[in-house]
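Single-structure report; data block below.
Values quoted throughout were computed directly from the atomic coordinates according to the rules given, and no laboratory measurement underlies them. Keep in mind the model is a prediction, meaning the values are calculated, not measured. Every residue, glycine among them, receives a Cβ derived from its backbone with ideal geometry; neighbour counts consider all protein chains shown.
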Amino acid sequence: MSKPLEGRIALVTGASSGIGEATALALAEAGAKVAIAARRRDRLEVLAAQLATLGAEPFVLTADLASEDEAQRIVKETEAHFGRLDILVNNAGVMYLEPVEEADLGRWRRMLELNVLSLIASTQAALPGMRERRDGHVVNISSTAGRVANPNAAAYSATKFGVGAFSEALRREVYKHNIRVTVIEPGVVQTELRDHIGHAEVKANLNAWADSMRQLQARDVADAIVFCVSRPSHVNINEVLMRPTDQE
Ligand code: NDP
């Protein structure tokens, strides 16, 4: 029996851990060929070996996506390698949480560049090919923090509200070219994301809250993404908001 994404080419950013890694695997299981990008080459190589066993013909791209040039390069290299790009999953992201008054603006700038500007840059690079073929799907990973703004998450929420706004405007620009845009907004997912919070008290409180519930697993989010990108081409699921059942 043919798989739903047989013959499709996908690129997943931030694929070296968490949601991106699970998404690359889920896309491969659904039959897609997959390019994977992040900074940690060793982690990507381990994933690539798994993807190869699924027949996904993985293409590994090492890149620091805080640079918009790098975000555009990985799209172009994926197109050159596979001949086209059908599904772009803009997942790479960081979450630096701290009170506004204490914030390290350099760190917040890097978060804004990665979470927003890089996502815009990779999308921009993918659009000409998708428009020419009248076929493409851009999946942008936002968060419940893109719907609700909490203390200590001012800049993170600014990035994720930004992803939501960008995605909706993009959808309205490109739907006429048969290009779909989907925003995924997960609540708490058990990944490495919280490890990078520099503010000890904020990190401890958030971890305690997350540990108090049955968290979403990366695979839960990956399954939602695969569901969206495997719908028939006349169906565009614009937005998926998903929380752990235990999250208020
Ligand atoms: P992880 O920390 O496990 O994954 C983050 C990924 O982004 C890694 O693959 C990392 O790879 C990559 N990344 C980080 N910085 C860069 C960079 N400068 N250049 C290239 N890649 C980079 O966390 P998650 O899987 O949880 O996060 C994935 C997305 O999901 C993020 O956008 C996050 O905001 C979002 N999200 C997560 C939630 C959660 O609760 N976990 C909830 C809602 C949304 P490497 O370090 O190798 O570069």
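Projecting each Cα onto the charge dipole of the range 1-89 (Lys/Arg +1, Asp/Glu -1 at the beta carbon, about the Cα centre), which of 37, 63, 49 comes out farthest on the positive side?
The residue sitting most towards the positive pole is 49.
If the only charges are +1 at each Lys and Arg Cβ and -1 at each Asp and Glu Cβ, what is the size of the charge dipole of the range 10-105 around the Cα centre, to the nearest 20 debye? List each step's numbers first, then the result.
Numbers: 8 positive and 16 negative charges, 110 e Å.
Rounded to the nearest 20 debye, it is 520 debye.
Please sort by residue number the trypsin sites (Lys or Arg not before Pro) in the range 12-42 whose DSSP state is loop and whose Cβ has at most 14 other Cβ atoms within 10 Å. Kindly include the intermediate steps, with their values, before the conclusion.
Working: sites: 33, 39, 40, 41; in loops: 39, 40.
Passing sites in the range 12-42 are 40.
Hey, got the dipole for the range 9-241? About the Cα centre, +1 on K and R Cβ, -1 on D and E Cβ, debye to the nearest 20? Don't skip to the end; give the middle numbers.
Details: 25 positive and 29 negative charges, 129 e Å.
That gives the range 9-241 a dipole magnitude of about 620 debye.
May I ask you to give the average projected area over all directions of the convex hull of the Cα atoms of the range 105-248, in nm² rounded to one decimal? Kindly include the intermediate steps, with their values, before the conclusion.
Working: hull surface 36.0 nm².
Answer in nm², one decimal: 9.0.
Which one of 165, 218, 206 is farthest out on the positive end of the charge dipole of the range 116-228, using unit charges on Cβ (Lys, Arg +1; Asp, Glu -1) and the Cα centre as origin?
Looking along the dipole axis, the top candidate is 165.
In angstroms, what radius of gyration and Dmax does the chain have, counting Cα atoms only?
17.1, 57
Cut-off 17 Å, label point 7 angstrom out along Cα-to-Cβ of residue 245: give me the residues of the range 190-209 whose amide nitrogen falls inside.
Of the residues in the range 190-209, 190 have backbone N under 17 Å from the label point off residue 245.
Sum -39500 (n - 2.57) across every DSSP H segment of at least 4 residues in the chain, then divide by the residue count to get the 222 nm mean residue ellipticity, nearest 500.
Values: 8 runs with 108 residues, N = 248.
It lands at -14000 deg cm²/dmol.
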